[in-house]
Amino acid sequence: MVSRDSLPEQYKDNAKYKLHFVCFSRLAPEQTTAALQEALPKHHEWLKVQQQQGRVAFHGDFLNPEAVNYGSGMYALFADSTQEAKELASSDPLHAAGIRKFEMLPWTIASTAAALQDPDPAVRQQAASALSLQAGRSAFNRFRIAVHPGVIDDLVSLLSDEESWVRGSAAAALTHLASGGWWGMQSKIGQAPGAIPALVQGTR
């Protein structure tokens, strides 16, 4: 059983790696897509509750080559161990009813955000640029970046970086993160000490 305490040393740096548990949820062989569709509202309500409680990082459906949802999906859970993640996934109404079967795998996500604190300004700039590009691509990416602990504070701190090109990349990333009308993100950036005047300065 994998747990945070049992991780190999190379993955124990929480600033560089985030432990998630990925649940591959597949339609049971004896079940039909009609039964799945009937049960989906309860599944979606369960996912909503787990997200509100900070237990689900992201989720989505798998598509076949014709871009049709064939009844299987995946979500990533925040948990302290494989056992905890399995117990949580077992409470998913689709799994509890036997409509889907699941497989749980631990996943260590390498964090681009950790490079924001690198001593080398070139590395800091590359990390901020990478986050800016990701944030500019979709609302999902903006949410994923925003929930990463410390990212907003680190980007705000780079607005005071000694290198203007680092400041510019950080400002671009924060501008993307604040876009899209998500008030929660705008508020989070605005509450960071010195963010607004530094953001204005960083874009110059």
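The values are calculated or read from the model by the stated rules, or taken from the named source; none is laboratory data. Since the structure is predicted, the reported quantities are computational estimates derived from the model, not experimental observations. Cβ atoms come from the backbone with ideal geometry, glycine included; neighbour counts cover every protein chain shown. Accessible surface is based on the protein model in full, side chains and every heavy atom, while ligands, DNA and RNA are left aside. Shrake-Rupley method; radii C 1.70, N 1.55, O 1.52, S 1.80 Å.
Tabulated data
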item	result
Members of segment 4-62 found to be part of a strand (DSSP E or B), surrounded by fewer than 17 Cβ atoms within 10 Å (Cβ to Cβ) and among the charged types (D, E, K, R), listed by number	26, 61
Number of the exception - residue 92 against (1) within 22 Å of the chain's Cα centre (by Cα); (2) farther than 30 Å from residue 160 by Cβ; (3) modelled with pLDDT under 95	(3)
All helices (runs of 4 or more DSSP H) inside segment 70-152 with 2 or more residues being without any contact (Cβ under 8 Å) to a residue 24 or more places away in the chain and open to solvent by less than 70 Å² (accessible area, probe 1.4 Å)	121-137
Residue check, residue 100 within 19 Å of residue 47 (Cα to Cα) and modelled with pLDDT of 85 or more	yes
Segment 21-79: number of residues that are under 16 Å from residue 90 (Cα atoms) and among the small types (Gly, Ala, Ser)	7
Condition met for residue 131 (under 30 Å from residue 5 (Cα atoms) and at pLDDT 80 or above)	yes
